[in-house]
Each structure stands twice: as C-alpha cells, then as structure tokens.
1. I want to check the label-to-label distance for ASP45 and THR95. Put each point 7 Å from Cα in the C-beta direction and report it in nm to one decimal.
2. Can you compute the modelled spin-label distance between GLN60 and THR72, with each label point 7 Å from Cα toward Cβ, in nm?
Amino acid sequence: MSQTGNLSGLSPSDRIAYAGEVIGAPVRIPASPALRRAIDGVVVDETLSLLYVRVPGRAQPLAVPKSALAGTILLGGRELPLRAEALRVRPEDRTKRLLTGGPRRFR
C-alpha cells in the first residue's frame, strides 16, 4: 500500500471534494461491528479521529470514530463513498494532504 493509503484511487474531482469542508455534509453509515445500527445524519463537527453526526430525534450528536468508516457522504453536490483514510487527518491539514497528494505526516 502506498504512503497515501487508499487515496491513490481518488479522482482529482474527488480529492477536491474531500479537501473541502465536511461540516454540514449529509452522511449515511451502515450498521457494522463497530456501529450497532445505521446512522443517517449531518456532520456537525470533526476532530482528528472523530466525526460528530447530528441524527434526527437525538438531542446530542453521535461521536463516530473515523477509523474504518464506510458509507456515503454528500460532498461537492454528489454522493461519494465515505473513505476513512481520506478523513483521518486533522481537518486543518486535510486540504494540504489531499490536494498535494503528499504522505500522511500527521497522526
């Protein structure tokens, strides 16, 4: 696997979409061993390792670990596969990492 993980398969337009802001983006994450039930909501915050998703009917956002995330996210006007490796970086460094195609230097 390359230094950029599974990001090498992203098209240039997908890289631009992932490099932008994800707060406010609708997400759909199916149930998995890490998540007992599927999540449909909107990203309201993020950190290096967590996405906070507002789910209708809940008072507090859910904290969802970015590691091994799978699902879909609506970015740049289109639905993209939710790639954990693309989002598992400090939000302020994601633009530099994705647009330059550089290695992951931040953990």
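1. In this crude label model, ASP45 to THR95 measures out at 2.2 nm.
2. 3.0 nm
Any read-out appearing in this document is the output of simple, stated calculations on the displayed coordinates, not a laboratory observation. Computed from a predicted structure; not experimentally measured. All Cβ positions, even for glycine, are placed from backbone atoms using ideal geometry, and neighbour counts span all protein chains on display.
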